[in-house]
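K.L.:
Have a look at the structure that comes next, please.
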Amino acid sequence: MSTLVAAAAGAALLVASPASGAASTLAAAAQQSGRYFGTAVAANKLGDSTYVGILNREFDMVTAENEMKMDATEPNQGQFSYGNADRIVNQARNQGKRVRGHALAWHSQQPGWMQNMSGTALRNAMLNHVTQVATYYRGKIYAWDVVNEAYADGSSGGRRDSNLQRTGNDWIEAAFRAARAADPNAKLCYNDYNTDNWSHAKTQGVYRMVQDFKSRGVPIDCVGFQAHFNSGNPVPSNYHTTLQNFANLGVDVQITELDIEGSGSTQAQQYQGVVQACLAVTRCTGITVWGIRDTDSWRASGTPLLFDGSGNKKAAYNSVLSVLNNASTTVPTTTDTTGPTTTTTSNPGNGGCTATYSEGQKWSDRFNGQVTVSGTNNWIVTVTVSSPQRIIATWNTSATWETANVMTARPNGNGNTFGFTIQHGGNWSWPSISCRVG
């Protein structure tokens with residue numbers, strides 16, 4: 001299956017300076033498509049004028065790097081400490097920025113007193129922590145990472161063995177319910193790493209949990225993808241598919257801790273692919289990079305961020321800014337010869353299969369389309385594009401290609417609506433859609 005990130009890696013890199021009238025900062029560029037662009041902030045860096053200058057100029061969402069974790073906010077049981085977290089929250093809000101809360105419940109960075117607990121005592125202490133911290137910041141937090149990194153790496157697709165997991169398999173659900181009661185208006189997220197590749201067991205395990213939560217009314221609003229990449233773990237070719245499939249469960253998806261080790265055009269291409277994948281998913285609401293300058297990063301030796309140690313913009317910054325600006329490009333009506341909003345092909349003599357095409361988001365070099373099938377659950381839809389167009393991403397379908405221009409789509413268990421991204425090559429014509437019963 002061809003995908004958006006793979007296409008981005010092979011495409012000409014977008015590194016041009018912003019065009020006249022284009023946004024000149026990451027936040028302003030992201031806002032044009034209704035998204036945010038944020039960063040992780042450390043309280044001890046707030047006295048650094050270069051650091052704060054970049055923070056205030058470029059970002060509109062802030063995540064405390066460590067200051068809102070369990071060991072920082074409840075160092076002794078029942079005694080809460082919010083000083084450094086408040087510094088970050090107040091600085092952000094005074095600048096008109098929003099805040100992501102990170103994180104309420106986690107197996108790591110627990111205070112010593114909690115590490116020594118187990119069973120019912122630990123469960124009650126965890127729930128009290130969630131309740132107290134979320135209540136304290138009620139009304140000040142856009143989204144909480146309620147539970148962080150609860151799934152195991154490897155091939156099991158199951159939960160991580162931790163002291164919290166050993167309190168009972170429903171501990172994650174209990175944490176989400178406690179967070180909703182404490183702060184009804186904050187978005188509640190599950191956050192994890194190594195969940196970027198759709199084919200990985202860990203990704204599938206988290207997906208099944210979210211699917212279960214949504215089916216039972218457990219209050220979950222979003223899923224966070226940490227997105228820590230390097231040469232040994234590059235951006236996967238099916239990244240867009242992962243984001244889209246989670247979004248299709250009815251949750252927002254957010255890239256929460258993005259950093260990509262490397263330099264130059266290779267790093268810039270990887271960043272470009274991540275941002276394009278987010279922009280192609282309507283419910284991908286924003287991107288947060290995990291730090292400002294390379295020297296501020298927890299992976300400083302890998303130079304993984306958008307600014308160098310002196311605060312200069314890197315090639316990756318220019319790539320990201322250009323992609324964000326292109327997302328809001330208005331396609332001239334003279335090139336849009338597609339006619340009505342939807343087009344339908346019906347085959348009433350073949351079981352009543354109907355496929356309805358709807359136009360999706362458009363960029364300067366590609367556009368999304370969506371097909372909804374009615375009349376049968378056993379459908380085969382043929383999508384034909386016109387040269388030089390090519391389909392570079394699909395979601396919610398099992399796709400095969402008869403030729404470079406003809407794709408056959410079949411159900412893959414995710415319902416009767418599927419979508420795709422077409423790199424148009426200057427041809428904005430809509431694809432031809434036909435449907436038959438399989």
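The values are calculated or read from the model by the stated rules, or taken from the named source; none is laboratory data. Model, not experiment: these values are computed from the prediction. Don't worry about glycine lacking a Cβ; one is built from the backbone with ideal geometry, like all the others, and counts go over all protein chains shown. Each accessible area value is taken on the protein alone, full model and side chains, heavy atoms only, with ligands, DNA and RNA left out. Shrake-Rupley method; radii C 1.70, N 1.55, O 1.52, S 1.80 Å.
K.L.:
Take the alpha-carbon centre of region 61-84, take the same for region 250-321, and report the distance between them in whole Å.
P.N.:
So the two Cα centres are separated by 26 Å.
K.L.:
About the Cα centre of region 354-437, what is the dipole size in debye to 20, counting +1 per Lys and Arg Cβ and -1 per Asp and Glu Cβ, all else neutral? Don't skip to the end; give the middle numbers.
P.N.:
Working: 5 positive and 3 negative charges, 11 e Å.
Using Cβ point charges on Lys, Arg, Asp and Glu, region 354-437 gives about 60 debye.
K.L.:
Kirkwood hydrodynamic radius, computed over distinct alpha-carbon pairs, for the chain: how many Å, to one decimal?
P.N.:
That comes to 22.9 Å for the chain.
K.L.:
Considering the chain, which cysteines have no disulfide-compatible partner, defined as another cysteine with its Cβ under 4.7 Å away?
P.N.:
none
K.L.:
Projected onto the charge dipole of the chain (+1 at Lys/Arg Cβ, -1 at Asp/Glu Cβ, origin at the Cα centre), which of Thr403, Gly96, Val383 gives the Cα projection farthest towards the positive end?
P.N.:
With unit charges placed on the Cβ atoms, the residue in question is Val383.
K.L.:
Roughly how big is region 173-220's charge dipole about its Cα centre, with Cβ charges of +1 (Lys, Arg) and -1 (Asp, Glu), in debye to the nearest 20?
P.N.:
So the dipole magnitude of region 173-220 works out to roughly 160 debye.
K.L.:
Further, regarding this structure: Less than 14 Å Cβ to Cβ from Pro75, Lys/Arg counted +1 and Asp/Glu -1: what total charge do the surrounding residues give?
P.N.:
-2
K.L.:
Let me ask something else. With a 1.4 Å probe and every protein chain left in place, work out the accessible area per residue of the chain in Å², rounded to a whole number.
P.N.:
Normalised by residue count, the accessible surface of the chain is 37 Å².
K.L.:
So, in nm, how far is label Gln109 from label Thr372 when the simple model puts each one 7 Å beyond its Cα toward the Cβ?
P.N.:
4.2 nm
K.L.:
Once neighbouring chains are kept in place and the probe is 1.4 Å, which whole percent of the accessible area of region 354-437 is contributed by carbon and sulfur?
P.N.:
The nonpolar share, carbon plus sulfur, comes to 45 percent.
K.L.:
Let me understand region 77-134 better: what is its radius of gyration from the alpha carbons, and its Dmax, in angstrom?
P.N.:
For region 77-134, the Cα-based Rg and Dmax read 13.7, 43 Å.
K.L.:
Right, next: Taking amide H positions as placed in the peptide plane 1.01 Å from N, state which residues far from Val41 in sequence (5 or more) or on other chains have amide H under 5 Å from it.
P.N.:
Thr63, Ala64, Glu65
K.L.:
Between the alpha-carbon centers of region 168-226 and region 417-434, tell me the distance in whole angstrom.
P.N.:
What the calculation gives is 33 Å, centre to centre.
K.L.:
For an R0 of 41 angstrom, estimate the FRET efficiency from the Cβ-Cβ distance between Ala121 and Ser199 and round to the nearest 0.05.
P.N.:
About 0.55, to the nearest 0.05.
K.L.:
Largest first, how would Phe59, Phe80 line up by accessible area (1.4 Å probe)?
P.N.:
Phe80, Phe59
K.L.:
Sticking with this one: Any chance you could get the radius of gyration and Dmax over the Cα atoms of region 124-212, in Å?
P.N.:
Using the Cα atoms of region 124-212, the pair Rg, Dmax is 13.7, 40 Å.
K.L.:
To the nearest 20 Debye, how big is the dipole of the chain about its Cα centre, given +1 on the beta carbon of each Lys and Arg and -1 on that of each Asp and Glu? Before the final figure, lay out each step's value.
P.N.:
On the way: 32 positive and 30 negative charges, 125 e Å.
The calculation lands at about 600 debye.
K.L.:
Next question. May I ask you to give the percent of accessible area on region 175-229 that is carbon plus sulfur, with a probe radius of 1.4 Å?
P.N.:
The computed percentage sits at 48.
K.L.:
Now for a separate question. Local charge sum around Asn185 (other residues, Cβ-Cβ under 13 Å, Lys/Arg +1, Asp/Glu -1)?
P.N.:
Net charge around Asn185: +3.
K.L.:
In the chain, how many lysine pairs have Cα atoms under 29 Å apart, counting only pairs 8 or more places apart or on different chains?
P.N.:
So the count of such lysine pairs works out to 24.
K.L.:
Which net charge results for the neighbourhood of Asn377, defined as the other residues with beta-carbon distances under 15 angstrom from its beta-carbon, given Lys and Arg at +1 and Asp and Glu at -1?
P.N.:
Net local charge, Asn377 excluded: +2.
K.L.:
For region 354-437, place one equal point scatterer on every Cα, skip the solvent, and apply the Debye formula. What is log10 of I(q)/I(0) at q = 0.11, 0.17 Å⁻¹?
P.N.:
-0.25, -0.60
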